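The values are calculated or read from the model by the stated rules, or taken from the named source; none is laboratory data. Treat the numbers as computed from the prediction; the structure is a model and nothing was measured. Methodologically, a virtual Cβ is constructed for each residue, glycine included, from the backbone with ideal geometry; neighbour enumeration extends over all protein chains shown. Just so you know, the surface numbers come from the protein's heavy atoms only, side chains and all, with ligands and any DNA or RNA stripped out. Shrake-Rupley method; radii C 1.70, N 1.55, O 1.52, S 1.80 Å.
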Amino acid sequence: MMKTIRNLALSAAVLSVGVAAFTPQRPSSSTSSISQSTLTEPETKAVSTASSSTSSKRKVVEEPALWEYNFGLQDPGLTLPHGLIPRVSNPEKFAITEEQIRTLEEDGVVHIQGVFDEEWVDYLKKATAYQVDNPHFWAFAGTASKLYDYIQRNVWQTNKAFANFYYHSAMGDVLRQCGRTDEVRVSTDLLMVNPNKGFKWHQDNQNGPITPEEGIRFWITMDETPKDYGAPVYLKRSHENTAVDPQAVFVDIEAEGLEDFRDERLEFRTKPGDMLIWHPKTIHKIDGPSDGIWTSYRRVLGGTVAKAGTVYHDKRGTGGVLSDLGRHGMEDGDQLDSPFFPVIYPQFKRDEAAERDSGKVGRSFVDIVTKIGGMATAASGERFRSFFQVLGSQSSSS
């Protein structure tokens, strides 16, 4: 039993990699594995030693040393694009078409090109560069797991630049159109840099304390898709399937009940500033390089937002709890209304932003222990079997 608990706790740390706001603690200088200027360079200049030989290839992002991790709130001090004033200006807008909305509803995924211009992409790259250069403690487990070169959940809670992006960019406007809703809240997010070998076919259950029908998944890309790998692939209309357990992560697409979905695949070669938006149940995968060494960047800000009318679902005993480890005090069935799940459309709330800026919004070790403890049961252990199969897995070519 103790071994099971340890394994569950480790896996929880790996994929929840959320963020907390503790007493700020930051060294006066940092020995960086990669500089901000390097992170914002074009991918063709990222590495000069790459070759067909694995032994001569070098990752563009190196794992941080233990002493490089930071605690507390972080502020890169970036200026918002287009003259926007932080915590004052209204969020921007970006119109999408009815056809794009229907594509999402019918196919389960839609690619919206050019949502964010060069200024916004540069802003996100600099925010990401700062975060990789100043890794947060809550990225430690995910980075050490080798799942990604860098991964951090709920990065908006500690990095002010990402919070300001949500508050002032057109992201909320795009997602409210996609969801045909008049309110959008951030349920959970992830900053992801280079997914090593990639992931097998899976569906998303790390969506925060909401149901699939209440949520919308999003990706915001900062880089060109590499030529030979890195393009997300989705099974068209697979969000309509009834064969996959809602708690499952890894999906065997040869399983009974998926015959109508496994052969129609949609591949997207995203460019900087594009958004991919999909239903949480849509089955998808991403292939990385076979050796797991990225010699260019695949930087993505992704996550799940909640639509108007969403209620809080206590997911203790399921994998969903790993994206809800904050001590917000909400109970099952409550209206989802909390600074831990901030409004970004129609407009951010000043009181929610103030709670975030004060360090009151973040991860709680108390909740981590109590919520993850509910996973260490025979029943929930069975539910997590496919979850563990995803860890460190290489995408299947099938």
(request) Working only within the stretch 179-204, note down all residues that are assigned to a strand (DSSP E or B) and of a type in the set (Ser, Thr, Tyr). (result) SER187, THR188
(request) Within the stretch 92-113, track down each residue that is open to solvent by less than 30 Å² (accessible area, probe 1.4 Å), in a loop (DSSP other than H, G, I, E, B) and touching a Leu at 6+ places or on another chain (Cβ under 9 Å). (result) GLY108
(request) Return the only residue of ARG217, ARG237 being open to solvent by 20 Å² or more (accessible area, probe 1.4 Å) and closer than 26 Å to PHE340 by Cβ. (result) ARG217
(request) Enumerate the pairs (first residue in the stretch 75-100 and free of Cβ contacts under 8 Å to residues at least 40 places away in the same chain and under 20 Å from GLN113 (Cβ atoms); second residue anywhere and open to solvent by less than 60 Å² (accessible area, probe 1.4 Å) and of a type in the set (Asp, Glu)) with beta-carbon separation below 9 Å, excluding pairs fewer than 6 apart on the same chain, so at least 6 apart or on different chains. (result) HIS82/GLU92
(message) When you check TYR297 against the structure, is it in contact with a Leu (Cβ under 8 Å, 6 or more places away or on another chain), open to solvent by less than 50 Å² (accessible area, probe 1.4 Å), in contact (Cβ under 8 Å) with a residue 24 or more places away in the chain and over 16 Å from ARG185 (Cα atoms), yes or no?
(response) yes
(message) Tally up the residues in the stretch 310-336 that are of a type in the set (Val, Ile, Thr), at pLDDT 90 or above and crowded, with 22+ Cβ neighbours inside 10 Å, please.
(response) 1
(request) Examine the stretch 166-178 for a residue that is in contact (Cβ under 8 Å) with a residue 60 or more places away in the chain, aromatic (Phe, Trp, Tyr) and either assigned to a loop (DSSP other than H, G, I, E, B) or under 24 Å from MET330 (Cα atoms) (or both), and state whether such a residue exists. (result) yes
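Just the residues that are among the aliphatic types (A, V, I, L, M) and under 15 Å from the mean Cα position of the chain (by Cα), please, taken from the stretch 201-239.
Answer for the stretch 201-239, where residues must be among the aliphatic types (A, V, I, L, M) and under 15 Å from the mean Cα position of the chain (by Cα): ILE216, ILE220, MET222.
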(request) Kindly establish whether SER145 is modelled with pLDDT under 95 and among the polar types (S, T, N, Q). (result) yes
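Run down ARG185, ARG176 and say which single residue is among the basic types (Lys, Arg), under 23 Å from PRO91 (Cβ atoms) and open to solvent by less than 20 Å² (accessible area, probe 1.4 Å).
Step by step, each of ARG185, ARG176 is checked, and only ARG185 is among the basic types (Lys, Arg), under 23 Å from PRO91 (Cβ atoms) and open to solvent by less than 20 Å² (accessible area, probe 1.4 Å).
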